[in-house]
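Participant: Sharing a structure with you now.
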Amino acid sequence: MAIAADTTITEREAAQVERANAAGLTPVVFVHGLWLLPSSWDRWAQVFEEAGYVALTPGWPDDPETVADANAHPDVFAHKTVGQVADHFDGVIRRLDRKPAVIGHSFGGLLTQILAGRGLAATSVAIDPAPFRGVLPLPFSALKSASPVLANPANYNRAVPLTYEQFRFGFANAVSEEEAKELYDTFAVPTSGAPLFQAATANLNPWTEAKVDTKNPDRGPMLIISGEKDNTVPHAIAHASYNRQKRNAGVTEFVEMPNRGHALVIDSGWREVADTALGFVRRFTGGG
């Protein structure tokens with residue numbers, strides 16, 4: 001198993017780990033996906049802290065602190081692969097004194113499943129998770145959502161932003177135009193192109209980093225949440241991930257959130273999703 005070197009842990013992440021260990025509470029590690037930053041979890045972190053957990057929001061390697069910084073310096077996102085990011089979170093989690101709950105969205109949902117498959121999660125929640133090797137459905141809307149990256153092979157090594165129209169289709173199709181524009185201005189940042197290419201070719205590459213150990217008996221309980229109207233990770237993909245995961249000896253559950261798109265963790269209905277995740281985590285941890 002690859003483990004991230006301590007030098008990759010930022011001062012902010014090290015401080016969060018230290019705080020979590022000092023608190024003696026069950027940690028909850030939040031994992032963001034493409035086109036978002038750790039700050040997209042700030043409201044979720046507050047909800048879980050109020051419920052008696054201690055929250056950590058690590059970034060992907062080299063994540064800027066703010067959306068403004070990210071949009072001013074997009075190149076820092078380039079070249080980040082699924083394996084590199086998984087190993088970074090692995091390194092953060094291994095510093096914790098207690099095994100955490102892990103919650104991730106989109107590619108963060110894929111990373112959550114990778115980390116759980118390494119036996120690092122007490123329980124996990126994967127929200128609209130990106131597909132891994134063995135997940136076969138590929139609906140048209142998912143291809144269209146990924147096309148801003150996949151349409152140009154050179155994007156593998158680039159940082160790729162979304163236009164508002166692309167964000168509207170891929171993230172914010174289930175909210176009003178006004179809210180979609182607010183979400184785009186508040187949260188959207190460029191992203192590494194590499195993970196999308198890795199996921200797109202996972203079933204053709206036996207050595208892909210976009211693979212999950214679904215059989216590990218130490219995987220822990222897992223919930224997969226799907227947004228009914230998600231264009232980026234449609235029901236077919238999320239449920240196929242569930243079908244792979246339910247072979248595990250641990251508890252595996254699936255919940256579909258009605259009338260919700262890919263922005264379900266940041267849009268005006270985020271609290272319903274957070275409460276669903278919190279309810280599941282509470283069932284299997286001593287915290288909260």
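Participant: If we scan the stretch 19-29, do we find a residue that is buried (at least 17 other Cβ atoms within 10 Å of the Cβ), part of a helix (DSSP H, G or I) and in contact (Cβ under 8 Å) with a residue 60 or more places away in the chain?
Facilitator: Looking through the stretch 19-29, at least one residue is buried (at least 17 other Cβ atoms within 10 Å of the Cβ), part of a helix (DSSP H, G or I) and in contact (Cβ under 8 Å) with a residue 60 or more places away in the chain.
Participant: So, in the stretch 150-191, of the ones that are outside any loop (DSSP other than H, G, I, E, B) and basic (Lys, Arg), which residue ends up nearest to Asp69 (Cα to Cα)?
Facilitator: My answer is Lys181.
Participant: Are there any pairs, at least 6 apart or on different chains, whose C-beta atoms fall under 6 Å, with the first in the stretch 119-142 and at positive phi and the second buried (at least 20 other Cβ atoms within 10 Å of the Cβ) and in a loop (DSSP other than H, G, I, E, B), and if so, which?
Facilitator: Pairs found: Asp128/Ser106; Asp128/Asp230; Asp128/Val233; Asp128/His262.
Participant: Before we move on, is Thr81 surrounded by fewer than 20 Cβ atoms within 10 Å (Cβ to Cβ), in contact with a Gly (Cβ under 8 Å, 6 or more places away or on another chain) and either β-branched (Val, Ile, Thr) or farther than 23 Å from Gln166 by Cβ (or both)?
Facilitator: Criteria not met by Thr81.
Each row is one residue, and each column tells you yes or no for (1) of a type in the set (D, E, K, R); (2) out of contact with any helix residue (DSSP H, G or I) (no Cβ under 7 Å at 6 or more places or on another chain).
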residue: Tyr242; (1), (2): no, yes
residue: Arg247; (1), (2): yes, yes
residue: Glu256; (1), (2): yes, no
residue: Leu264; (1), (2): no, no
residue: Arg282; (1), (2): yes, yes
residue: Gly286; (1), (2): no, yes
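Participant: Filter the stretch 204-227 for residues that are under 17 Å from Met257 (Cβ atoms) and of a type outside the set (A, V, I, L, M, F, W, C); which is surrounded by the most Cβ atoms within 10 Å (Cβ to Cβ)?
Facilitator: Per the stated criteria, the residue is Gly227.
Participant: Considering every residue within the stretch 32-46, establish whether at least one is among the basic types (Lys, Arg) and farther than 27 Å from Arg260 by Cβ.
Facilitator: No: the stretch 32-46 contains no residue that is among the basic types (Lys, Arg) and farther than 27 Å from Arg260 by Cβ.
Residue-wise test of (1) assigned to a loop (DSSP other than H, G, I, E, B); (2) more than 16 Å from the chain's Cα centre (by Cα).
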| residue | (1), (2) |
| --- | --- |
| Gln198 | no, no |
| Pro206 | yes, yes |
| Asp213 | yes, yes |
| Arg219 | yes, yes |
| Leu223 | no, no |
| Ser226 | no, no |
| Thr232 | yes, no |
| Ile237 | no, no |
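A quick yes/no check of all residues on (1) over 18 Å from Phe107 (Cβ atoms); (2) surrounded by 21 or more Cβ atoms within 10 Å (Cβ to Cβ); (3) not acidic (Asp, Glu):
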residue: Ala194; (1), (2), (3): no, yes, yes
residue: Ala202; (1), (2), (3): no, yes, yes
residue: Lys229; (1), (2), (3): yes, no, yes
residue: Ala240; (1), (2), (3): no, no, yes
residue: Gln245; (1), (2), (3): no, yes, yes
residue: Leu264; (1), (2), (3): no, yes, yes
residue: Phe280; (1), (2), (3): yes, yes, yes
residue: Gly286; (1), (2), (3): yes, no, yes
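Participant: Count, please, the residues in the stretch 42-57 that happen to be in contact with a helix residue (DSSP H, G or I) (Cβ under 8 Å, 6 or more places away or on another chain) and either closer than 22 Å to Ala199 by Cα or not in a strand (DSSP E or B) (or both).
Facilitator: Qualifying residue count for the region: 7.
Participant: Kindly evaluate Val31 against the criterion of being β-branched (Val, Ile, Thr) and more than 20 Å from Thr186 (Cβ to Cβ).
Facilitator: No; evaluated as a whole, the condition is false for this residue.
Participant: Report yes if Asp69 is among the charged types (D, E, K, R) and over 18 Å from Ile9 (Cα atoms), otherwise no.
Facilitator: yes
Participant: Then there is this: Return the only residue of Asn203, Asn259, Asn216 being at pLDDT 95 or above and more than 28 Å from Ala20 (Cβ to Cβ).
Facilitator: That would be Asn259, the only listed residue that is at pLDDT 95 or above and more than 28 Å from Ala20 (Cβ to Cβ).
Participant: Answer with yes or no whether Val175 is at pLDDT 95 or above, crowded, with 20+ Cβ neighbours inside 10 Å and out of contact with any Leu (no Cβ under 8 Å at 6 or more places or on another chain).
Facilitator: No: the conditions fail for Val175.
The values are calculated or read from the model by the stated rules, or taken from the named source; none is laboratory data. All values derive from a computational prediction rather than experimental measurement. Cβ sites come from the backbone with ideal geometry, for glycine too, and all protein chains shown count toward neighbours.
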